[in-house]
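Chemist: Structure below; questions to follow.
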Amino acid sequence: MSEIEERAKRALNKKAPFGPDVDLSEYELGFLKGEKFESAEEIPENFTKEVEKVGVSSKSSSLGYFQVDQSALFSMSLGEGVEILPLSEAMKKYKWLKDRYFKLVQPDADKYTAFSALHPAEGYFIRVREGVKLNIPVQTCLLINKEGVLQNVHNIIIAERDSEIHILTGCTTGAHSGFHLGISEFYVEENAKISFTMIHHWAKDSHVRPRTGVKIERGGTFINNYICMSEVRSLQSYPNVWCEGENSSAIFNTITMATNKSYIDLGSRIFLRGKGSRAEIISRNIASKKGYMIARGHLIGDNPECRGHLECRGIILGDGVIHTIPEIEGGYEGVELSHEAAVGKIAEDEIFYLMSRGLSEEEATSIIVRGFMKVKIPEIPRRLKDEIEKIVDESTKKLM
Amino acid sequence: MLVVEDLRVEVGRKEILKGIDLTIGDGEKHVLFGPNGSGKSTLLMTIMGFPRYKIIQGRIEFNGVDITEMAMNERVRLGIGLAYQHPPSIKGVTLEDIIKICSRKERIGEEERILLEKLKMPTDFLKRDVNSGFSGGEIKRSEILQLLLLKPKLAMMDEPDSGVDVENIEIVGNAINELLRGRSGLIITHLGYILKYVDVDFGHVMMNGRIACSGDPHKLLSSIISEGYSRCASCLR
Ligand SMILES: Nc1ncnc2c1ncn2[C@@H]1O[C@H](COP(=O)(O)OP(=O)(O)OP(=O)(O)O)[C@@H](O)[C@H]1O
Ligand SMILES: [Mg+2]
């Protein structure tokens with residue numbers, strides 16, 4: 001038994017520090033019969049239709065990966081420079097990859113990572129070669145199709161020196177219940193840049209536990225945009241990000257809505273280790289209809305010349321709850337860390353201002369909420385920006 | 001057009017308007033003077049329909065319809081418009097968004113462009129969050145622009161000429177003049193700069209929640225400027 005498995009075994013009953021505890025024995029891994037598809041057109045329509053709600057288009061030539069339950073149905077590299085493979089294949093192909101497997105996420109972090117390490121996992125491996133810059137977003141997608149399935153995902157993304165990539169990942173479900181467990185390890189090498197946009201769309205009885213680790217070398221940049229506007233039974237994630245290198249930077253934008261009794265607990269923890277490293281954590285949250293939202297964030301200034309800002313804003317509509325827990329920690333003179341948090345209902349003045357321009361109270365509220373959810377997301381392709389706005393617009397409209 | 005009868009209004013349990021009677025006929029332009037805190041803005045906000053201003057007595061009629069209890073957006077539909085003294089800023093809602101709301105259009109067209117030009121508002125303003133970081137003069141121009149697009153039958157303006165420099169007063173003044181062509185107007189002003197650009201028919205002085213006197217706006221203004229409000233106070237008695 002490998003060391004990873006041994007550590008995992010000991011942690012199988014280790015509860016996660018955050019989020020409701022879910023009994024994994026109620027779920028089973030779901031494998032699809034049949035082979036991998038050679039082209040995206042062959043993916044059955046009942047699957048491709050589902051993923052449109054997370055902005056992934058199977059017709060696009062930039063579709064790189066498609067997984068249903070536990071089975072990788074499709075993967076395609078984009079030229080020489082951007083290699084995309086199911087992780088299981090990549091692990092066989094590249095012996096060195098085991099040095100990057102369960103390195104940024106610990107197998108014994110909690111019972112979920114332990115479960116993941118001890119069961120067959122599948123996910124995408126994306127490797128952008130040195131100096132390659134891809135401007136169109138690579139699309140990947142993970143779909144839970146069968147009721148009661150546990151989807152055990154493991155992704156490894158490597159951006160080699162001076163490379164640049166945008167990735168759009170959509171995770172969604174066609175089933176009412178299911179468990180999405182996703183380990184993601186991101187390696188941003190010197191002067192490389194990954195902009196990663198993840199759009200989630202879950203169902204009433206989905207439990208979601210992403211486990212993410214990011215390491216950024218000198219001059220590297222990692223931008224993470226996370227959007228989840230659907231209901232979900234519980235969603236909890238707290239990525240660890242190490243800005244290791246000099247002048248490395250990380251930006252986390254999160255846009256979420258906890259509605260219809262959804263329980264969402266999200267944050268990110270960024271260690272500013274490199275000289276001149278920078279981080280920004282920004283979240284916009286809505287809680288409504290007994291939704292419960294916890295917005296965390298933790299900036300750790302681990303060197304005397306780092307800068308970080310944390311910003312949590314929340315709107316409560318009706319009877320939702322928002323709890324923000326921002327933490328900043330500096331151990332050196334010269335660190336510049338700040339946070340601001342604000343939670344409340346929409347200001348009446350703003351509603352009446354718009355009503356005095358002819359809108360009804362509902363219309364006014366909806367426009368203010370949409371404005372509030374507009375986070376200035378830097379440097380992402382137009383198409384992605386539009387997609388995000390569309391999803392936020394549609395879901396906030398439904399709120400009213 | 002507008003009839004206000006014996007209007008008493010409370011804000012936060014404090015009586016601010018203590019019995020106002022005011023009638024504005026079709027196409028008439030009225031100005032409202034009065035010291036700080038006398039209740040001028042309160043009157044306009046009440047006519048517009050802010051629920052915070054509680055009507056405890058009296059009624060408001062607009063074109064024969066009793067609007068005392070009517071929701072604000074319905075008053076807008078009937079043709080009442082207000083340019084604010086202190087409009088709020090709204091995060092993520094741009095001037096362009098507001099323009100589209102006022103003009104009821106999907107996108108900015110020729111008419112809007114011409115007005116922006118007239119009001120000397122460069123197009124990069126459109127992408128800015130409304131009123132956020134706008135200078136005093138910019139707020140006034142943006143408010144007038146919104147009224148020009150709303151095309152109300154009665155345009156109420158709360159101090160459109162306060163804090164506006166000499167060049168801007170001309171821009172704002174001409175725009176208000178255009179706005180009021182064929183419409184009724186109720187304008188609050190302290191120093192009456194706007195009277196240079198707009199022909200007004202009547203003036204009123206508000207003192208401590210009451211209209212102390214009414215008459216020729218130019219005469220009222222010159223008396224206020226030379227003697228302050230002391231004479232108006234005696235007028236009330
Ligand atoms: N929410 C409130 N609670 C208590 N008092 C209020 C409230 N809003 C306004 N007031 C009071 O009502 C009075 C009238 O205010 P209003 O804004 O109508 O005055 P104004 O004549 O427009 O003055 P200015 O010339 O300074 O604009 C003031 O004394 C003000 O403090
Ligand atoms: Mg006032």
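The values are calculated or read from the model by the stated rules, or taken from the named source; none is laboratory data. Since the model is a prediction, treat every value here as computed from it, not as a measurement. FYI the Cβ positions are ideal-geometry reconstructions off the backbone, even for glycines, and counts take in every protein chain you see. Areas reflect the complete protein model, heavy atoms only, side chains present, ligands, DNA and RNA absent. Shrake-Rupley method; radii C 1.70, N 1.55, O 1.52, S 1.80 Å.
Chemist: Give me the accessible area per residue for the protein assembly as shown, probe 1.4 Å, as a whole number in Å².
Modeler: Here the per-residue accessible area is 42 Å².
Chemist: Tell me which residues come under 5 Å, amide H to amide H, from residue A:310 once H is placed; ignore anything under 5 positions away on its chain.
Modeler: Correct list: A:281, A:338, A:339, A:340.
Chemist: Projected onto the charge dipole of chain A (+1 at Lys/Arg Cβ, -1 at Asp/Glu Cβ, origin at the Cα centre), which of A:82, A:151, A:241 gives the Cα projection farthest towards the positive end?
Modeler: Value: A:151.
Chemist: Taking 8 Å as the Cα distance limit and 6 or more residues as the minimum spacing, I'd like the relative contact order of chain A as a percentage.
Modeler: Worked out over chain A, it gives 11 percent.
Chemist: Given 0.36 nm per residue, what is the gain on full extension from residue B:26 to residue B:234 after removing their alpha carbon distance, in nm?
Modeler: Result: 71.8 nm gained on full extension.
Chemist: Between residue A:254 and residues 5 or more places away or on another chain, which pairs have amide H atoms under 5 Å apart, with H built 1.01 Å from N, and which residues are they?
Modeler: A:226, A:282, A:283, A:284
Chemist: Within 10 Å of each Cβ in A:354-367, how many Cβ atoms from other chains are there, averaged over the peptide?
Modeler: That average works out to 6.
Chemist: If you don't mind, there's one more thing I want to ask. Sort A:265, B:129, B:66 from largest to smallest accessible area, using a 1.4 Å probe on the heavy atoms of the protein chains.
Modeler: B:66, B:129, A:265
Chemist: Here is a follow-up. Under a Cβ-only charge scheme (Lys and Arg +1, Asp and Glu -1), can you give me the dipole magnitude of the stretch A:35-158 about the Cα centre, in debye to the nearest 20?
Modeler: 460
Chemist: A further question follows. Report, in degrees rounded to the nearest 10, the 0 to 90 angle that the Cα long axis of helix B:136-150 makes with the longest principal axis of chain B.
Modeler: Result, in degrees: 90.
Chemist: Can I ask one more? How high is the FRET efficiency between residue A:88 and residue A:319 when r is their beta carbon distance and R₀ equals 41 Å, given to the nearest 0.05?
Modeler: Efficiency computed from Cβ-Cβ geometry: 0.35.
Chemist: Which number comes out as Rg/Rh for the protein assembly as shown once both Rg and the Kirkwood Rh are worked out on C-alpha atoms?
Modeler: In the protein assembly as shown, Rg relative to Rh is 1.10.
Chemist: Then there is this: Given a Förster distance of 22 angstrom, what is the FRET efficiency for residue B:208 paired with residue B:63, based on the Cβ-Cβ distance and rounded to 0.05?
Modeler: Taking R0 as 22 Å, the efficiency between residue B:208 and residue B:63 is 0.15.
Chemist: Moving on. Restricting to the protein assembly as shown, compute how many DSSP beta bridges are antiparallel as a %, nearest 5.
Modeler: Taking every DSSP beta bridge within the protein assembly as shown, about 20 percent pair in antiparallel fashion.
Chemist: Let me ask another. With +1 assigned to the C-beta of every Lys and Arg and -1 to the C-beta of every Asp and Glu, and no other charges, what is the dipole magnitude of the stretch A:346-400 about the Cα centre in debye, to the nearest 20?
Modeler: 340
Chemist: Hey, what D do you get for chain B in µm²/s if you plug the Kirkwood alpha-carbon radius into Stokes-Einstein at 10 °C and 1.306 mPa s?
Modeler: D = 87 µm²/s.
Chemist: A further question on this structure: Under the Karplus relation 6.51 cos²θ - 1.76 cosθ + 1.60, θ = phi - 60°, what is the ordered set of whole-Hz ³J(HN,Hα) values for the stretch A:159-167, x standing for Gly and Pro?
Modeler: 10, 6, 2, 6, 9, 8, 8, 10, 10
Chemist: What nm value, rounded to one decimal, do you get for the distance between residue A:130 and residue A:97 when each label is placed 7 Å out toward the C-beta?
Modeler: A separation of 2.1 nm, rounded to one decimal place.
Chemist: Across the stretch A:173-329, how large is the tail of the calculated P(r) beyond 28 Å, expressed as a percent of all Cα pairs?
Modeler: Cα-Cα pairs in the stretch A:173-329 separated by more than 28 Å: 22 percent.
Chemist: Could you give me D for the stretch A:3-344, from Stokes-Einstein at 4 °C and 1.567 mPa s, where the hydrodynamic radius is the Kirkwood radius over C-alpha pairs? Units µm² s⁻¹, please.
Modeler: D = 64 µm²/s.
Chemist: Another question, if that's okay. May I ask you to derive the FRET efficiency for residue B:132 and residue A:397 from their Cβ-Cβ distance with R0 = 30 Å, giving the value to the nearest 0.05?
Modeler: Once the sixth-power term is evaluated, E becomes 0.80.
Chemist: Taking amide H positions as placed in the peptide plane 1.01 Å from N, state which residues far from residue A:175 in sequence (5 or more) or on other chains have amide H under 5 Å from it.
Modeler: none
Chemist: Another one. Give, in whole angstrom and from largest to smallest, the semi-axes √(5λ) of the equivalent ellipsoid of the stretch A:290-371, with λ running over the eigenvalues of the Cα gyration tensor.
Modeler: In descending order the semi-axes read 36, 15, 7 Å.
Chemist: HN-Hα J couplings of the stretch A:354-361 from phi, Karplus 6.51/-1.76/1.60, θ = phi - 60°, integer Hz, Gly and Pro as x?
Modeler: Taking θ as phi minus 60°, the curve returns 6, 5, 6, 9, x, 7, 6, 4 Hz for the stretch A:354-361.
Chemist: Mean separation of Cα pairs under 8 Å and 6+ residues apart, divided by the residue count of the stretch A:249-400: what relative contact order is that in percent?
Modeler: Reported relative contact order: 19 percent.
Chemist: Note every residue of the stretch B:58-79 with a reduction of at least 20 square angstrom in accessible area, all protein chains present versus the isolated chain, computed with a 1.4 Å probe, or write none.
Modeler: Residues of the stretch B:58-79 that lose at least 20 Å² of accessible area once the other chains are added: B:72, B:73, B:76.
Chemist: While we're here: Could you compute the net charge surrounding residue A:351? Neighbours are other residues with a C-beta less than 14 Å from the C-beta of residue A:351; K and R count +1, D and E count -1.
Modeler: Value of the local net charge: -1.
Chemist: Residue A:108: net charge of surrounding residues, Cβ under 12 Å, Lys/Arg +1, Asp/Glu -1, itself excluded?
Modeler: For residues surrounding residue A:108, the net value is +2.
Chemist: Taking 7 Å along the Cα-to-C-beta vector as the label spot, tell me the residue B:123-residue B:170 distance in nanometres, rounded to one decimal.
Modeler: Placing both labels 7 Å beyond Cα along the Cβ direction yields 2.6 nm.
Chemist: Modelled label-to-label distance, residue A:290 and residue B:108, 7 Å Cα→beta-carbon offset: nm?
Modeler: Each label point lies 7 Å from its Cα, and together they span 4.6 nm.
Chemist: If you don't mind, there's one more thing I want to ask. Please compute how much accessible surface disappears when B pairs with A, both sides summed, using a 1.4 Å probe, and round it to the nearest 100 Å².
Modeler: 1900
Chemist: Okay, helix-only estimate at 222 nm for chain B: each DSSP H run of n ≥ 4 adds -39500 (n - 2.57), divide by all residues, round to 500 deg cm²/dmol; what do you get?
Modeler: -10000 deg cm²/dmol
Chemist: What net charge do the residues around residue A:340 carry, taking every other residue with its C-beta under 9 Å from that of residue A:340, with Lys and Arg at +1 and Asp and Glu at -1?
Modeler: Net local charge, residue A:340 excluded: 0.
Chemist: I've got another one for you. Name the most mobile residue of A:37, A:352, A:74, meaning the one with the largest mean-square fluctuation, in a Gaussian network model of chain A with Cα contacts below 10 Å.
Modeler: Among A:37, A:352, A:74, the largest mean-square fluctuation in the Gaussian network model of chain A belongs to A:352.
Chemist: Another question, then. Can you pull the percent of the protein assembly as shown's accessible area that's carbon plus sulfur, 1.4 Å probe, other chains left in place?
Modeler: Taking all protein chains in place, the protein assembly as shown shows 47 percent carbon and sulfur surface.
Chemist: OK, next. Where does the Debye-calculated log10 I(q)/I(0) of the stretch A:57-174 sit at q = 0.10, 0.11 Å⁻¹, using only Cα point scatterers of equal weight, no solvent?
Modeler: Listed by q, the Debye log ratios stand at -0.31, -0.37.
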